[in-house]
Amino acid sequence: MALFMVVLVLVFILALSICTALLRWNELKFSKKGLPPGTMGWPIFGETTEFLKQGPNFMKNQRARYGSFFKSHILGCPTAVSMDPELNRYILMNEAKGLVPGYPQSMLDILGKCNIAAVHGSTHKQMRGALLALISPTMIKQQLLPKIDEFMRNFVSDWDNKIIDIQEKTKQMAFLSSLKQIASVESTSIAREFMPEFFKLVLGTLSLPIDLPGTNYRRGLKARKIILTILKQLIGKRRGCQESHKDMLAYLMSKDDNNRYKLSDAEIIDQIITILYSGYETVSTTSMMAVKYLHDHPSILEELRKEHMAIREKKRPEDPIEWNDLKPMKFTRAVIFETSRLATIVNGVLRKTTEEMELNGFVVPKGWRIYVYTREINYDPFIYPDPLAFNPWRWMLGISK
């Protein structure tokens, strides 16, 4: 028994020594003179676990220790984190000068090489133009609004007298409504197979790019392959039939003169995945938080109800929402803005350096990511008095409550 305890202690000391040595080695690896202060965590893994689990608290703790500009290693990349509003403004205003979009490798691998976050220059301009054309005023009036109205009526039609899991329902809503905009006729038939794979894909984009069995990254790559097969079959069927469609996929596939941005099938597929991905987390979480805030503030809910009933009174029950109905929705917009501010779904943006840069007196090497962390601006009491209060009236000019 005594021998066993001695061996156990020796193993523990050895493991502790190895861990200490690895941490020390990784710190020395990124100890170039002039780098911002901070810690880099473990080799390969960095501080990803703490970053994902602690969220905003991780950022606050690091700022308390190292200031508003510090280094870390997150999602597989050495990263300089900026929580300085003035520096953030400078970075975002000078994106072409040594900076390009710098999304994590896992996100680039799973969303595809042709997605708008992975391309630069003229290709980026082409992708951006194709995506913006899908949400032009004409497209919103003629396609997006009518389809959203029809979808939402059907989606909530059986909610009466039921206990609803809002988190789950808003996830389904965000995905299925986007899928209907992309492939209106086929959305119902492909949704059952598509949706679970899409959720795996989302998890994979926010993981370390380590391709091992059982990891979210591996599951995300497998999910992408299945989704590619579904979308290739869908495009093939569209080309093989004479029926005309009026949805996003039809516009992206169009070869006529109205479509200025001709894309290959691979580019079309990656743009579809990008559309689904970009709207999923933001729309679902914002919708869920809006329900919570409105439940917690009955007077705000009543004000919102009044605005909508005033619009609804001018319509028949079956009439859909229209473009002209949006302009009077001033309080609705204020609720959306306030929910977005208080919930803060997007904490910041990532950029990648294409050359060594000097920022705030520190050196940021070529190939590093810069995390422009903007979350704290939403809680600045100088910009938003009583920042933790849910107060949509702060967005109404000349009105406050």
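Ordered by 1.4 Å accessible area with all protein chains kept, Asp256, Asp247 run largest first as Asp256, Asp247. Relative to the first principal axis of the alpha-carbon coordinates of the chain, what is the inclination of helix 187-205, with its axis defined by its Cα atoms, in degrees from 0 to 90 and to the nearest 10? Relative to the chain, helix 187-205 is tipped by roughly 20 degrees.
Based on protein heavy atoms only, the chain ends up with 57 Å² per residue of surface accessible to a 1.4 Å probe. Rolling a 1.4 Å probe over the protein heavy atoms leaves Asp211 with an accessible area of roughly 80 Å². Relative to the first principal axis of the alpha-carbon coordinates of the chain, what is the inclination of helix 2-29, with its axis defined by its Cα atoms, in degrees from 0 to 90 and to the nearest 10? That helix lies at roughly 70 degrees to the long axis.
With +1 on each Lys and Arg Cβ and -1 on each Asp and Glu Cβ, how big is the dipole of the chain about its Cα centre, in debye rounded to the nearest 20? The dipole of the chain has a size of about 600 debye. For Arg238, the solvent-accessible surface computed with a 1.4 Å probe is close to 20 Å², ligands and nucleic acids excluded. Helix 298-312 sits at what angle to the longest principal axis of the chain, using alpha carbons and giving 0 to 90 degrees rounded to 10? Result, in degrees: 40.
Most tightly packed first, judged by the mean number of other beta-carbon atoms within 10 Å of their residues, the peptides 308-319, 367-378 read 367-378, 308-319. Which percent of the accessible area of the stretch 129-252 is formed by carbon and sulfur heavy atoms (probe 1.4 angstrom)? Carbon and sulfur together cover 56 percent of it.
On a 1.4 Å probe surface of the protein chains, which of Ile163, Ile273 comes out largest in accessible area, and what is the full order? Each step should come with its number before you reach the end.
Values: Ile163 170, Ile273 5 Å².
Largest accessible area first, the residues go Ile163, Ile273.
The listed residues Trp395, Trp159, once ranked by accessible area (1.4 Å probe) with the largest placed first, stand as Trp395, Trp159.
Solvent exposure of Val185, expressed as accessible area, is near 90 Å², computed with a probe of 1.4 Å over the protein chains only. Considering only Ser68, Ser254, Ser177, the Gaussian network model of the chain with Cα springs below 10 Å gives its largest mean-square fluctuation to Ser254.
The values are calculated or read from the model by the stated rules, or taken from the named source; none is laboratory data. Bear in mind that the values here come from a model prediction, so they are computed numbers and not experimental data. As a convention, Cβ positions derive from the backbone with ideal geometry for all residues, glycine included, and neighbour counts pool all protein chains shown. Heads up: the accessible areas ignore ligands, DNA and RNA and are worked out on the full protein's heavy atoms, side chains in. Shrake-Rupley method; radii C 1.70, N 1.55, O 1.52, S 1.80 Å.
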